[in-house]
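Enquirer: The structure under discussion is supplied below as structure tokens; questions concerning it will follow.
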Amino acid sequence: MDPMEQARHHMVAEQLASRDIQDARVLDAMRRVPRHAFVPAEREHEAYLDRPVPIAEGQTISQPYIVALTAQALQIGPDARVLEIGAGSGYAAAVLAELAREVVTVERHPLLAAEAAARLASLRYGNIWVVTGDGTRGYPERAPYDAIAVTASGPRVPKALLHQLAPGGRMVIPVGPDEHQQELVLVTRGSEDGVFSEQNLGAVRFVPLVGEDGWARADGR
Ligand code: SAH
């Protein structure tokens, strides 16, 4: 095994399997995706640590545990169609794409979107579409989605995303009143009645979701 692969297997054992990540498909996906290919070159040595990593435009790749927790809570089957809001580096999209049939990921920063698309293409992910735009509107062109992962935190769950979630679908989104206090919320939509219910997965800290149905400003206000 090369040293990066070894570090990745260590990450899965120490940071995920030893906590509450038990879904074998999620653990396999986390073992497969080369996280070091998604961080800036000068931060490659941080790729498998138990923390978020800064990327361009003042954004961050989430801590591996949070990516895995999100993927596990979404219960993504091999036929699932998934929407991600906040492509960033493309790392979480790659993890989701290991689990699903297809992933659409929306990113508001054109530079990040272009870099993520190029990186995912060079890693031969043929089932991910990177779209530049305001993800608080979702991406109606390919709705409904079986799973939606939002990787930036807003003041509330955007209405458009609720509309684009299929009956029986699941969404994970950080919600909170400011950049310090947020909780990771799991929204499920009943398969028979279409009724939404919410569950709190714990306290988290994400970068702001900036857009029409999110924060008005990049500093999350
Ligand atoms: N999932 C990413 C982490 C990205 S951090 C990864 O694995 O690397 C959150 C991202 O959400 C940032 O890149 C930020 O630019 C983006 N973002 C914030 N508001 C957004 C919006 N309204 N629509 C789309 N992307 C948004």
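The values are calculated or read from the model by the stated rules, or taken from the named source; none is laboratory data. Just so it is clear, the model here is predicted, and its values are computed rather than measured. Positions of Cβ are backbone-derived with ideal geometry, glycine not excepted, and every protein chain shown enters the neighbour counts. To get the accessible areas, we keep the full protein, side chains included, count just its heavy atoms, and leave off ligands, DNA and RNA. Shrake-Rupley method; radii C 1.70, N 1.55, O 1.52, S 1.80 Å.
Enquirer: How many residues are open to solvent by 20 Å² or more (accessible area, probe 1.4 Å) and in a helix (DSSP H, G or I) when one looks only at the stretch 71-81?
Expert: Residues flagged as open to solvent by 20 Å² or more (accessible area, probe 1.4 Å) and in a helix (DSSP H, G or I) within the stretch 71-81 amount to 1.
Enquirer: Out of ALA7, ALA29, ALA114, ALA97, I need the residue that is open to solvent by 40 Å² or more (accessible area, probe 1.4 Å) and assigned to a helix (DSSP H, G or I). Which one? Before you say what the answer is, go through the steps one by one.
Expert: Working: ALA7 fails: open to solvent by 40 Å² or more (accessible area, probe 1.4 Å); ALA29 fails: open to solvent by 40 Å² or more (accessible area, probe 1.4 Å); ALA97 fails: open to solvent by 40 Å² or more (accessible area, probe 1.4 Å).
None of the others qualify; the one that does is ALA114.
Enquirer: Shifting gears a bit: Scan the stretch 155-169 and report the pairs whose first residue is surrounded by fewer than 18 Cβ atoms within 10 Å (Cβ to Cβ) and whose second residue is in a strand (DSSP E or B), with Cβ atoms within less than 6 Å and a gap of 6+ or a chain change.
Expert: Every condition considered, the pairs that remain are ALA166/ASP146; PRO167/ARG189.
Enquirer: Just to be sure, is GLU192 more than 11 Å from the ligand (Cβ to nearest atom), surrounded by 14 or more Cβ atoms within 10 Å (Cβ to Cβ) and among the charged types (D, E, K, R)? Working first, answer last.
Expert: Working: more than 11 Å from the ligand (Cβ to nearest atom): yes; surrounded by 14 or more Cβ atoms within 10 Å (Cβ to Cβ): no; among the charged types (D, E, K, R): yes.
Here the answer is no, as GLU192 does not meet what is asked.
Enquirer: Could you give me the residue pairs with C-beta distances under 7 Å whose first residue belongs to the stretch 210-221 and is more than 14 Å from GLY176 (Cβ to Cβ) and open to solvent by 80 Å² or more (accessible area, probe 1.4 Å), whose second residue is assigned to a loop (DSSP other than H, G, I, E, B) and near the ligand (Cβ under 8 Å from one of its atoms) wherever it lies, and which are 6+ apart or on separate chains?
Expert: Listed pairs, sorted by first residue: GLU212/ASP134.
Enquirer: Out of all the residues in the stretch 32-70, which are part of a helix (DSSP H, G or I), touching an Asp or Glu at 6+ places or on another chain (Cβ under 9 Å) and more than 16 Å from ARG119 (Cβ to Cβ)?
Expert: Passing the criteria: PRO64, TYR65, ALA68, LEU69.
Enquirer: Considering ARG119, ARG170, ARG156, which residue is part of a helix (DSSP H, G or I), closer than 24 Å to GLN63 by Cα and not polar (S, T, N, Q)? First the steps, then the outcome.
Expert: Numbers: ARG170 fails: part of a helix (DSSP H, G or I); ARG156 fails: part of a helix (DSSP H, G or I).
The conditions single out ARG119.
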